[in-house]
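Chemist: Okay, handing you the structure first.
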Amino acid sequence: MTKRKEHKTEPQALSRATAVIGGRAFVTVLLTSVVAIAVNARQPKLVVGIMVDGLKQEYIDLLRTQFVKGGFNRFLTEGVVLENVDYGTNLDPAAATAVVMTGASPAVNGIPGAMRYDPLAKRLYSTVHDPAAVGNYTDETYSPRGLRVSTLSDESRIAGAGVTYVYSIAPGPEQAVIMGGHSGNGVAWLNTRTGNWATSTFYHDFPQVLNQRNRTTPLSTRIQTMEWTPSLVGAGAEFLPEHLTHYPFRYTFAAGDMERFAAFRSSPLVNTEITQIATELINTLKLGTHDGADMLNIAYTLQPYPFSKSAENRYELVDSYIKLDNDLAGLLNTINTRVGADNAIIYLAATPPSARRRRDDSKWNIPVGEFSTRKAASLLNLYLIALHGNGEWVKAVSDNQFYLNPDAAKAHNVDMPDLRREVANYLRRMSGVNHALSIDDIMTGHSGTDNAEALRRNTVADYAGDVTIDLLPGWELVDDYMSRGKVKNSGTVFVNTLTTAPAYILAPGVKPEIIRSVVDARILAPTIAGRMHIRSPNGAALPPLRLKDKE
C-alpha cells in the first residue's frame, strides 16, 4: 500500500493538490490557512515588558539545568531568543530601557543615562528630575518630561483610547518613569530613604495594592526580619568553585543600618517584592480583561551586589539568577491563569553589562590606577593659562565629562572648537586615559573610535561635556572635583565589556527560534508594536524584526 505524502503549503504545491484531489480539498486547505492567519493576527489582551539589569546569556546557559520549567526555560524553549541585542555603546540601565521603550537612540529620545549634570548649578540631577512634579510617598520630584519621544506604553494607551491600562514597577525611579512613559496610568519605585513604594503625581493612579502595602505591611517593619541566603548549597552548586560553597553567604538588613533600603533594592529580594506586586496588580486590576491590550512593565536587577563582602561575588550572582528564575515562573503562571498564553505577549530584554566592577584584592597584584578629576582639572587649567592667559578655563568636571568656560574663551579670543580640541589632546596624554573626545568629534562621527557612529547616536549633546574621557581597564575614576576634603573611593574600576545583551519574546503564533546574529536594540519597540497591532513609537525609524509564524 502506497504511503500518502503530506501536502506542502507553498503555492505551487497547493495548486497540484487542488488538481489531483478536487475543489473540496482546496476549500479545506484554504480555510485552514485563513484560520492560521487569524490566530497569528490576534490582538493580545496583555503585554508584559520585562527589563533585567545585567542579565548575561552565559549565566543563562550555565544555569539552565538548575532552572525550573516555567521561568527562563520557558523563554528558551517557547520563545524567540535574541542572543546579541546591540545597544551601540555601554549604556546604563536607564538609557538602555529608554532605547527599548522608544525604539530610538539617546540622541533622539533624550535619555543619556540615569543622571545628568548641570554645570551651572554644579550638581547632578536624575534624568527624570522635574521640580514641577510632586512625589507621593516621597519628596522626590520626577516626571517623563525629559523623554522627548513617545514610548510603547504611550502608543498602547493611545490605541486603547483610554480604556486600557499601563502600569510600571521598578527598583528605581528612572526605569519606572521611562517605562510608564507620558501616558501611563501609574508607576512605582522603591524609595531608599523610607522603604515605601513611591510615585509621582504626574501619574493619576496609585493602585490600592501599593497604598495598602505601604500602610499595612511596609518594608520598614519587615526588613529587619529578612535575610538573603543561598538557594543552592552543597551538591546543588557544583558549577561554582568549591571554596566558595564552603562559606555560604548571609546578608541581613538591620534596623539601624542607614543603607538598609538601598541594600535591599540592590539585592534579589527586591525582585521577589516586585513580582508579588505585579501579580497583585494583574489580579486586582484584572489586567488583560479590558477592551484592548493592557500593559505591565517590570524591571528587575541582576547586577553584582554592591554591598557584597568580597570582590568574588559569583555565589551571590548565581543565586540571584536562581531566585529570579523562580520569580519569573510565578509571574508567567499568573499570566497563563488569568489571561492565557494565547492572549499575552511577554518580552524580556537585558541591559548591557556594567563597564565598572569591584576592584580585586591588592594581594593579586592586578594593575590598578586612580584618576582624580580634581587633579586633572587643576593641571588642565594650568596648561590653558600657560597657553592662552589667566582665567578659570575649566567650569566643572563630573564623572568623565569636562565642561569648559566659554566666557574665558571669549575673553581671550579662543574659538570653542579649537579649545575643545586642545583639551582633548592634553587629557589624552594623562596617565590612565584611553580616549579623550571633544563633543565636536563625537557629534560629527569623527571620533576615531571603532564605534564612532554608535557613540554619536548615544550622546545627548545638551547634557554632554565639552570633552569626554574613557579610562583604561583597571583604572578607577575618583570623582573629587567638587570635594574639598578626601573622597571615599568607589572601589570600582573600569573594564572592557560587551555592548550587547540577550532578549526574549513570547508571543501568540510566533515560532520559537534562536537568532545569534547581532540585532540593533532599537528594533525591539517596532517589533513589539507590530505584534500588538499598534503604531510604533514616533522616534522609531527601524523596521520590525520579521518573526516566523507557527505553521
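The values are calculated or read from the model by the stated rules, or taken from the named source; none is laboratory data. Worth saying up front: this structure is predicted, and the values here are computed from it rather than measured. Cβ: placed from backbone, ideal geometry, glycine included. Neighbour counts: every protein chain shown. SASA here: full protein model, heavy atoms, side chains in, ligands and nucleic acids out. Shrake-Rupley method; radii C 1.70, N 1.55, O 1.52, S 1.80 Å.
Chemist: Please give me the summed charge of the neighbours of ALA464: other residues whose Cβ is under 14 Å from its Cβ, Lys and Arg +1, Asp and Glu -1.
Modeler: Working: positive: ARG116, LYS395, ARG420, ARG456, ARG457; negative: ASP118, ASP399, ASP440, ASP441, ASP462, ASP466, ASP470.
Its environment carries a net charge of -2.
Chemist: Once the Cβ-Cβ distance between ASN381 and GLU312 is put in as r, and R0 is 60 Å, what FRET efficiency do you end up with, to the nearest 0.05? Please list the in-between numbers first.
Modeler: Values: r = 41 Å, r/R0 = 0.68.
E(calc), rounded to 0.05, equals 0.90.
Chemist: Less than 16 Å from a label point 7 Å out along the Cα-to-Cβ axis of LEU62: which backbone N atoms in the stretch 304-320 qualify, by residue?
Modeler: 304-305, 311-320
Chemist: Shifting gears a bit: What whole-number volume per residue, in cubic angstrom, does the convex hull of the C-alpha atoms of the stretch 398-551 give? List each step's numbers first, then the result.
Modeler: Values: hull volume 27.8 nm³, N = 154.
Dividing the Cα hull volume of the stretch 398-551 by its residue count gives 181 Å³.
Chemist: Putting +1 on Lys and Arg Cβ atoms and -1 on Asp and Glu Cβ atoms, find which of GLY79, LEU477, ASN191 reaches farthest to the positive end of the dipole of the chain.
Modeler: Farthest along the dipole direction, towards plus: GLY79.
Chemist: Could you compute the FRET efficiency for MET482 and ASN283, with r as their C-beta to C-beta distance and R0 at 51 Å, rounded to 0.05? List each step's numbers first, then the result.
Modeler: Working: r = 48 Å, r/R0 = 0.94.
Plugging the Cβ-Cβ distance into 1/(1 + (r/R0)^6) gives 0.60.
Chemist: At a 10 angstrom cut-off on C-beta neighbours, averaged per residue, how do the peptides 47-53, 261-267, 356-362, 500-506 rank from highest to lowest? Spell out each step's value before the answer.
Modeler: Numbers: 47-53: 25.3, 261-267: 20.9, 356-362: 14.4, 500-506: 23.1.
Taking the mean over residues of other Cβ atoms within 10 Å, the ranking is 47-53, 500-506, 261-267, 356-362.
Chemist: May I ask you to derive the FRET efficiency for ILE515 and HIS412 from their Cβ-Cβ distance with R0 = 51 Å, giving the value to the nearest 0.05? Could the numbers behind the result be given before it?
Modeler: Numbers: r = 55 Å, r/R0 = 1.08.
My answer for the efficiency is 0.40.
Chemist: Can I ask one more? With 15 Å as the cut-off, how large is the P(r) tail for the stretch 154-205, expressed as percent of Cα-Cα pairs? The partial results should precede the final answer.
Modeler: Values: 565 of 1326 pairs.
Here the tail beyond 15 Å accounts for 43 percent of pairs.
Chemist: Can you name the helices of the chain, as whole DSSP H runs, whose Cα span along the helix axis is 20 Å or more and whose Kyte-Doolittle mean is not below -1.0?
Modeler: On the way: long enough: 23-40 (26 Å, 1.71); 269-284 (23 Å, 0.43); 314-338 (36 Å, -0.34); 373-388 (22 Å, 0.69).
Span-like helices in the chain: 23-40, 269-284, 314-338, 373-388.
Chemist: Let me ask something additional. What net charge is computed for the residues neighbouring LEU542, neighbours being all others with C-beta under 11 Å from the C-beta of LEU542, Lys and Arg scored +1, Asp and Glu -1?
Modeler: On the way: positive: ARG522; negative: ASP520.
My count for the surroundings of LEU542 gives 0.
Chemist: What is the magnitude of the charge dipole of the stretch 387-543 about its Cα centre, with +1 placed on the Cβ of each Lys and Arg, -1 on the Cβ of each Asp and Glu, and no other charges, expressed in debye to the nearest 20?
Modeler: On the way: 16 positive and 18 negative charges, 117 e Å.
Once rounded to the nearest 20, the dipole reads 560 debye.
Chemist: In the stretch 105-200, what is the volume of the convex hull around the alpha carbon atoms, normalised per residue and reported in Å³? Walk me through the numbers before you get to the answer.
Modeler: Numbers: hull volume 9.8 nm³, N = 96.
Each residue corresponds to 103 Å³ of Cα convex hull volume.
Chemist: Suppose each label sits 7 Å from its Cα in the direction of the beta carbon; what would the ARG193-THR77 distance come out to in nanometres?
Modeler: 4.8 nm
Chemist: Tell me the volume per residue, in Å³, of the convex hull enclosing the alpha carbons of the stretch 494-541.
Modeler: 113 Å³
Chemist: Given only helices, namely DSSP H runs of n ≥ 4 each adding -39500 (n - 2.57), what is the per-residue ellipticity at 222 nm of the chain, to the nearest 500 deg cm²/dmol?
Modeler: Values: 20 runs with 193 residues, N = 551.
Result for the chain, helices only: -10000 deg cm²/dmol.
Chemist: Still on this model: Straight-line reach from LYS45: which aspartates and glutamates have Cα under 17 Å away, leaving out those fewer than 8 places along the same chain?
Modeler: ASP154, GLU155, ASP291, ASP294, ASP342
Chemist: If you place +1 on the Cβ of every Lys and Arg and -1 on the Cβ of every Asp and Glu, how big does the dipole about the Cα centre of the chain come out, in debye to the nearest 20?
Modeler: Numbers: 56 positive and 55 negative charges, 237 e Å.
Dipole of the chain, to the nearest 20 debye: 1140 debye.
Chemist: Straight-line reach from LYS309: which aspartates and glutamates fall under 20 Å, measuring Cα to Cα and dropping same-chain residues less than 8 apart?
Modeler: Within the straight-line limit of under 20 Å, LYS309 reaches these aspartates and glutamates: GLU227, GLU242, ASP257, GLU259, ASP319, ASP360, ASP361, GLU476.
Chemist: A further question follows. With a Cα-only, solvent-free Debye model of the stretch 183-308, what are the log10 I(q)/I(0) values at q = 0.18, 0.19 Å⁻¹?
Modeler: The Cα Debye sum returns log10 ratios of -1.04, -1.11.
Chemist: Quick check: at a probe of 1.4 Å, how many percent of the accessible area of the stretch 404-551 sits on carbon and sulfur atoms?
Modeler: Values: 3660 of 7600 Å².
C and S fraction of accessible area: 48 percent.
Chemist: How do the peptides 125-137, 157-169 rank, highest first, by the average count of neighbouring beta carbon atoms within 10 Å per residue?
Modeler: Highest mean packing first, the order is 157-169, 125-137.
Chemist: Taking the Cα centre of the stretch 122-189 as the origin, how large is its charge dipole in debye, to the nearest 20, when only Lys and Arg (+1) and Asp and Glu (-1) carry charge on their Cβ atoms?
Modeler: Details: 5 positive and 6 negative charges, 39 e Å.
Value, rounded to 20: 180 debye.
Chemist: Based on the alpha-carbon gyration tensor of the stretch 236-294 and its eigenvalue square roots a ≥ b ≥ c, which shape applies: rounded if a/c is under 1.5, prolate if not and a/b is larger than b/c, or oblate? Don't skip to the end; give the middle numbers.
Modeler: Working: a/c = 4.62, a/b = 1.82, b/c = 2.54.
Oblate, since a/c reaches 1.5 and b/c is not below a/b.
Chemist: Based on the alpha-carbon gyration tensor of the chain, what equivalent-ellipsoid semi-axes (square roots of 5 times the eigenvalues) come out, in whole Å, largest first? Could the numbers behind the result be given before it?
Modeler: Numbers: eigenvalues 389, 169, 122 Å².
Semi-axes from the Cα gyration tensor: 44, 29, 25 Å.
Chemist: Under the 0.36 nm per residue contour assumption, what length would be gained going from the current alpha-carbon distance of ALA262 and ARG222 to full extension? All intermediate terms of the calculation are to be shown ahead of the outcome.
Modeler: Values: separation 40, 0.36 × 40 = 14.40 nm, distance 1.47 nm.
The span from ALA262 to ARG222 would gain 12.9 nm if fully extended.
Chemist: Determine the per residue accessible area of the chain with all protein chains present and a 1.4 angstrom probe, expressed in square angstrom.
Modeler: Details: 25690 Å² over 551 residues.
I get 47 Å² per residue for this part.
Chemist: Trypsin sites (Lys or Arg not before Pro), restricted to the stretch 484-551: which are DSSP loop and have at most 12 other Cβ atoms within 10 Å?
Modeler: On the way: sites: ARG484, LYS486, LYS488, ARG516, ARG522, ARG531, ARG535, ARG546, LYS548, LYS550; in loops: ARG484, LYS486, LYS488, ARG535, ARG546, LYS548, LYS550.
Sparse-neighbourhood loop trypsin sites (Lys or Arg not before Pro): ARG484, LYS486, LYS488, ARG546, LYS548, LYS550.
Chemist: Under the Kirkwood approximation applied to all pairs of distinct alpha-carbon atoms, what is the hydrodynamic radius of the stretch 302-356 in Å? Write down the numbers at each step before the final one.
Modeler: Working: mean 1/r = 0.0735 Å⁻¹.
After inverting the mean inverse Cα-Cα distance, the result is 13.6 Å.
Chemist: Can you give the local net charge around ALA133? Use residues other than it whose beta-carbon is closer than 13 angstrom to its beta-carbon, Lys and Arg +1, Asp and Glu -1. The partial results should precede the final answer.
Modeler: Values: positive: ARG145; negative: ASP130, ASP139, GLU140.
Around ALA133, the charge tally is -2.
Chemist: Additional query: Quick check: the distance between the Cα centres of the stretch 60-99 and the stretch 196-274, to the nearest angstrom?
Modeler: Comparing the Cα centres of the stretch 60-99 and the stretch 196-274, I get a distance of 22 Å.
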